[in-house]
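Participant: Input: one structure, supplied below.
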Amino acid sequence: MALSQQEELDGFVSQAAAQLGVDPAALREECQAVLHSLPPYAPDGPLARDDQLQEVRDTFCTYVWPLKHPEHGQHQAAYDALMDMIQQKVKTTIYMLSDRSLELTDFYQEVLIEVFSSLDSFSYRSQFKTWVGAVAARTIARVLRTARAKKRSAHLVALDLPEAQALPDDSSPRVEDQAVIQDMIGYIKMRLRTTADQRLLIVFEKWYEDDLALYQIAALLKLSQPRVSGLRQQLLKLLKADQHIVQWFDTMLP
């Protein structure tokens, strides 16, 4: 039998407070906002709803609440875990784009700021790591656009072109919808399914989507790490030869 909304909120607050070691009254308002962001019922009944709430509560207690409250004892652990997610996603994305125009630390800082400023918008409908990855992807796009716009502007000044011909420095985000990124990932995976060596698809999924290190992928595939590195190089060469993918990146990051 499904719980009423009030019973569900009371149980969520009580268990979150015990997990965090915090006064339930301090959690109630934020917990209520968390539950309001979820569908009212899981499609498979109360047991599925319990599993959903457990996952949401773990994310809230492990990452969201500690990150929002620096005084909390778990803040440093949550911050360190977040930085690991950011660094892995930034390194992977920049590696795929083959862009070395900026230091990785520039991206780390920008993504970290964006994650903290967007925490209230996290809806718990995806894994926290997946959401951080999406924030990182669009932040990287914005940072690169800004850098390239400044570079274009500098080139125009150096060429002494009339001001009317100068390109605007428009660094506002144009790729905000995570679905756009997911569409391209879907296309890449469909493209890789047509290759003779299906290990390329596995390498892409485990490396780009799951953020696994090469040695972890090597263990899964029972290959040497140099062999997996070679497969990754083959994967990147294949993707960069696909004009649809190249044009998409050109549109995303002009």
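Participant: So for the stretch 232-242 (the condition being exposed (fewer than 15 other Cβ atoms within 10 Å of the Cβ), at pLDDT 75 or above and acidic (Asp, Glu)), does at least one residue qualify?
Facilitator: Yes - at least one qualifying residue is present in the stretch 232-242.
Participant: With respect to Asp197, is the statement that it is at pLDDT below 85 and of a type in the set (Asp, Glu) true?
Facilitator: no
Participant: Here is a follow-up. From the list Asp58, Asp84, pick out the single residue that is assigned to a helix (DSSP H, G or I), assigned by TED's automatic domain parsing to the domain that holds Asp23 and surrounded by fewer than 16 Cβ atoms within 10 Å (Cβ to Cβ).
Facilitator: Asp58
Participant: Now for a separate question. Between a first residue in the stretch 109-125 that is at pLDDT below 90 and a second residue that is exposed (fewer than 14 other Cβ atoms within 10 Å of the Cβ) and assigned to a helix (DSSP H, G or I), which pairs have beta carbons less than 9 Å apart while being 6 or more apart in sequence or on different chains?
Facilitator: Final answer for the pair search is Asp120/Ala33; Tyr124/Glu55.
The values are calculated or read from the model by the stated rules, or taken from the named source; none is laboratory data. From a predicted model like this one, the values you see are computed outputs, not experimental measurements. Here Cβ is always computed from backbone atoms with ideal geometry, including for glycine, and neighbour counts include all displayed protein chains.
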